[in-house]
Amino acid sequence: MQDLLLEIEQFCLRNGMSETRFGELALNDKPFVSQLKHGRDLRGSTAARLRQFMAEYGAHQPADAATAREYPAGSLAFPHRDLLGISQLERHEILYLLDQAEPWVELNRQSTKHTDLLSGLTIINAFFENSTRTLLSFEIAGKRLGADVVNMHAATSSVKKGETLIDTAITLNAMRADAIVIRHASSGATQLIASKVDCPVLNAGDGQHEHPTQALLDALALRHALRARGQAADDFTGLTVTICGDILHSRVARSNVLCLQALGATVRLCAPPALMPVGIEQVGAQPFHDFDASLDGADVVMMLRLQTERMSGQFIPSAREYHHLYGLTQKRLKQAAPDALVMHPGPMNRGVEIDSDVADMLDRSIITRQVEMGVAIRMACLEVLTRRARGVAGWEGAA
Ligand code: CP
């Protein structure tokens, strides 16, 4: 019975199908799976019918771009224990995580958004820096997958009493977490913690280094927005993306440059001279200091927050001056492609890097879609990285 439930969950996951839809298609009985989980009797003939449905289903489905892609078998599709940065991922590994998120997008749009796939596992979200979107979406993701989720806030932890990062990591490890999600103000902190613990570590943003799940959710949001317009979005070849703002301090920019380029996009980076890293050309992105020039014909405009908490000294004359030169207004947006999409990872400084009437444009802004995709992508990352712990077939020997 537990085996069958696991088979159904994995079937639904592979095929982007909710359990309600599964019940409807397999037995014309929408609440079937939910009732089964709550003790409904299962006859042998019904189990056989369900297995036959699952075996035959694939043969009758049209190949979908998101599921037809071929990946290396088992854990070779994603041979990493941790998710520390996009820089460590191959293009096909990025696509794998995006494709694995598709069923969770579907599940999250159902009235019942729960599976027991990670039941019995413990996930610790250790956030040493403030967060709304990332912390909440990792928490929701873990809970929707059925895991026990614990949040550790640095402000109320023993970090305040002087405990070192390494001692904190060793403490979390001793509690036998099955995955640890870390946000930290220091670049490289997640790498350090990963080297001290036995379970997968997911980087939820480390200093000015990387924010890999942000770049993945941005790619997923872009994919969905392009598909909703009937545009091919299997990858982003031919797409020009302008990223504007505080490039110097931005882990979001770094992860996005790597992710978007891996998926084929041309990336332009725009910032005032003081907020543009020296030698940025070496990453293959085109640097601009003139926002208007960087917008010319762009298909996507991604605005970044001014990270005043990382600035020591004066990087810009004033917020008003910054808005004048680098704020995205309706007028400025006209220089981009006629239907250019607008993105922002949040939190936004409305009236500084982006005007409210641009951020809230229903047909152009995909900022809330980015937030929606954040839950799905984090569910995918947690599900994939815990396959070894759960003994999923083909993943026993994973990294
Ligand atoms: N985009 C992002 O990382 O937002 P939070 O800081 O709210 O998590």
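The values are calculated or read from the model by the stated rules, or taken from the named source; none is laboratory data. These figures come from a predicted structure and were not determined experimentally. Because the Cβ atoms are built from the backbone with ideal geometry, glycine has one as well, and the counts that use them run over all protein chains shown.
Scanning segment 87-130 for residues that are among the basic types (K, R) and either touching a residue at least 40 places away in the same chain (Cβ under 8 Å) or assigned to a strand (DSSP E or B) (or both) yields one hit, R91. Taken together, the residues in segment 186-215 that are within 15 Å of the chain's Cα centre (by Cα), more than 12 Å from the ligand (Cβ to nearest atom) and closer than 14 Å to A380 by Cβ amount to 1.
Restricting segment 359-397 to residues that are β-branched (V, I, T) and within 25 Å of G327 (Cα to Cα), which is surrounded by the fewest Cβ atoms within 10 Å (Cβ to Cβ)? I'd like the intermediate steps shown before the answer.
Just the residues of segment 359-397 that are β-branched (V, I, T), to begin with: 366-368, 371, 375, 377, 384, 386, 392.
Of the ones still in play, those that are also within 25 Å of G327 (Cα to Cα) are 366-368, 371.
Numbers: I366: 24, I367: 21, T368: 13, V371: 17.
Step by step, filter segment 359-397, then rank; the result is T368.
Can you list the helices (runs of 4 or more DSSP H) lying wholly within segment 1-58 that have 3 or more residues being among the aliphatic types (A, V, I, L, M) and in contact (Cβ under 8 Å) with a residue 12 or more places away in the chain? Steps first, answer last, please.
Values: elements: 2-15, 19-27, 32-37.
So the answer is 2-15, 19-27.
Would you check if there is a residue in segment 268-286 being in contact (Cβ under 8 Å) with a residue 40 or more places away in the chain, in contact with an Asp or Glu (Cβ under 9 Å, 6 or more places away or on another chain) and under 23 Å from S186 (Cα atoms)? Scanning segment 268-286, I find at least one residue that is in contact (Cβ under 8 Å) with a residue 40 or more places away in the chain, in contact with an Asp or Glu (Cβ under 9 Å, 6 or more places away or on another chain) and under 23 Å from S186 (Cα atoms), so the answer is yes. Of all the residues in segment 118-162, those that are more than 18 Å from the chain's Cα centre (by Cα), more than 16 Å from the ligand (Cβ to nearest atom) and not hydrophobic (A, V, I, L, M, F, W, C) number 11. For segment 243-252, the set of residues classified as touching an Asp or Glu at 6+ places or on another chain (Cβ under 9 Å) and within 12 Å of Q286 (Cα to Cα) consists of C244 only.
Checking the structure you have, find out if any residue of segment 366-387 is basic (K, R), touching a Pro at 6+ places or on another chain (Cβ under 9 Å) and more than 23 Å from G207 (Cβ to Cβ). Talk me through it step by step, then tell me what you get.
Residues of segment 366-387 basic (K, R): 369, 378, 387.
If we keep only those that are touching a Pro at 6+ places or on another chain (Cβ under 9 Å) too, we end up with none.
No.
Listed here are the residues, each with its yes/no results for (1) assigned by TED's automatic domain parsing to the domain that holds H249; (2) of a type in the set (A, V, I, L, M); (3) under 26 Å from W395 (Cβ atoms).
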residue: K113; (1), (2), (3): no, no, yes
residue: L135; (1), (2), (3): no, yes, no
residue: H153; (1), (2), (3): no, no, no
residue: M175; (1), (2), (3): no, yes, yes
residue: H184; (1), (2), (3): no, no, no
residue: I193; (1), (2), (3): no, yes, yes
residue: L202; (1), (2), (3): no, yes, yes
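Out of segment 203-224, which residues are in a strand (DSSP E or B) and of a type in the set (A, V, I, L, M, F, W, C)? Within segment 203-224, A204 is the sole residue that qualifies.
Scanning segment 21-34 for residues that are surrounded by fewer than 19 Cβ atoms within 10 Å (Cβ to Cβ) and of a type outside the set (D, E, K, R) yields L25, L27, N28, P31, S34.
Against the criterion of being out of contact with any Cys (no Cβ under 8 Å at 6 or more places or on another chain) and either of a type in the set (V, I, T) or crowded, with 23+ Cβ neighbours inside 10 Å (or both), L263 does not qualify.
Every condition in (1) of a type outside the set (A, V, I, L, M); (2) without any contact (Cβ under 8 Å) to a residue 40 or more places away in the chain; (3) under 21 Å from R268 (Cβ atoms) holds for D218 except the one numbered (2).
Among the residues of segment 131-165, the one identified as surrounded by 17 or more Cβ atoms within 10 Å (Cβ to Cβ), free of Cβ contacts under 8 Å to residues at least 60 places away in the same chain and out of contact with any strand residue (DSSP E or B) (no Cβ under 8 Å at 6 or more places or on another chain) is V159.
Give V267, V278 a once-over and let me know the one that is in the same structural domain as T329 (by TED's automatic domain parsing) and either of a type in the set (S, T, N, Q) or assigned to a loop (DSSP other than H, G, I, E, B) (or both). Let's see the steps before the verdict.
Details: V267 fails: either of a type in the set (S, T, N, Q) or assigned to a loop (DSSP other than H, G, I, E, B) (or both).
Every option except V278 fails the conditions.
Those helices (runs of 4 or more DSSP H) of segment 294-399 in which at least 1 residues are within 16 Å of the ligand (Cβ to nearest atom) and either among the aliphatic types (A, V, I, L, M) or touching a helix residue (DSSP H, G or I) at 6+ places or on another chain (Cβ under 7 Å) (or both), considering only elements entirely within it, cover 356-359, 367-385. A count restricted to segment 141-168 and to residues that are within 11 Å of F128 (Cβ to Cβ) and assigned to a helix (DSSP H, G or I) stands at 6.
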